[in-house]
Structure formats: C-alpha cells, structure tokens
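Participant: Here it is: the structure, laid out below.
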Amino acid sequence: MCPHCGNTVPAMRVISLSDGMECPHCQTRLEVANGSRMAATAAGLAVAWLVWRVTRDSTNILGFALPVLLSFLAFGIVSPLVLMFVASLRTAPPPPVFEPVAAHGGHAASVHDHAGGHH
Ligand SMILES: [Zn+2]
C-alpha cells in the first residue's frame, strides 16, 4: 500500500524490488520498511530451521543433503511470502543522502582532545 497516494502496490513488485521501487500510480519512490524485512527474514529462518529439524530425523537415502535442500527451499519460499503480508511501505527520501558517520559527538570530541594533548 502506497503511503503517498493510498493505492495498492502489487505484491510481486514489493518482493522483487524490496530495496527500492516506484509507486506505479504516483511515481513516488518507495521502500520496504526495515522492520518488515527483518520479520520476513526471521520467519523464513524459523521455518527453515523447523523443516531441517523435521526432515533430519527421517533417515533417508539422500541423508544429509535433503534436509539442507528442503530448509533452503523453505526459506526461499516463506521469506518472500511473509514479506508480502507484513510489508509496510514508506516513502524513500528522493536523493541518496550521505549522512555523516560521526554522529557520536562525545566520542569524536574525546578523540580530538587526545590528539590535541599529544600535540
Ligand atoms: Zn503511490
């Protein structure tokens, strides 16, 4: 759902371009909020782990490879599915802004003091 114009953004578009996309209705730059992407990844990992646990116990000709393959598939399927349901879009800032890394004023100040004392 586009936060700018209120129109629905196709779920496939959200999944395939979750790092950034344009709203098909109003051309606003959008991105999936970090929280929902984290939730999707966490859910995918949880399901992958579950699948691995379940399939690992069944002795089978393929032995070790199958659980890994299945859990990998589970992650690949579940993660985008969860993202589709929980994804909340937000408007992205139009130009990529480089934020100054030295946001910790106290640390920067102490470093500066140290350098000054040495000099
Ligand atoms: Zn829009």
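Read-outs throughout are calculated quantities, based only on the coordinates presented, and are distinct from any laboratory measurement. Computed from a predicted structure; not experimentally measured. When we count neighbours, we look across all protein chains shown, and the Cβ atoms used for this are built from the backbone with ideal geometry, even at glycine.
Participant: Non-local amide H neighbours of residue 30 (under 5 Å, H modeled in plane, Pro and chain starts lacking H): which ones?
Facilitator: 21, 22, 23, 92
Participant: How large is ³J(HN,Hα) for each residue in segment 77-85, as worked out from phi by the Karplus curve 6.51 cos²θ - 1.76 cosθ + 1.60 (θ = phi - 60°), to whole Hz, x for Gly and Pro?
Facilitator: Rounded to whole hertz, the list is 8, 6, 4, x, 5, 5, 4, 4, 8.
Participant: Same structure again: Please give me the summed charge of the neighbours of residue 88: other residues whose Cβ is under 14 Å from its Cβ, Lys and Arg +1, Asp and Glu -1.
Facilitator: Taking every Cβ under 14 Å from that of residue 88, the sum is +1.
Participant: While we're here: Apply the Karplus curve 6.51 cos²θ - 1.76 cosθ + 1.60, θ = phi - 60°, to the phi angles in segment 30-44 and return the couplings in whole Hz, x for Gly and Pro.
Facilitator: With the stated coefficients, segment 30-44 comes to 10, 8, 7, 4, 4, x, 6, 5, 4, 4, 5, 5, 4, 5, x Hz.
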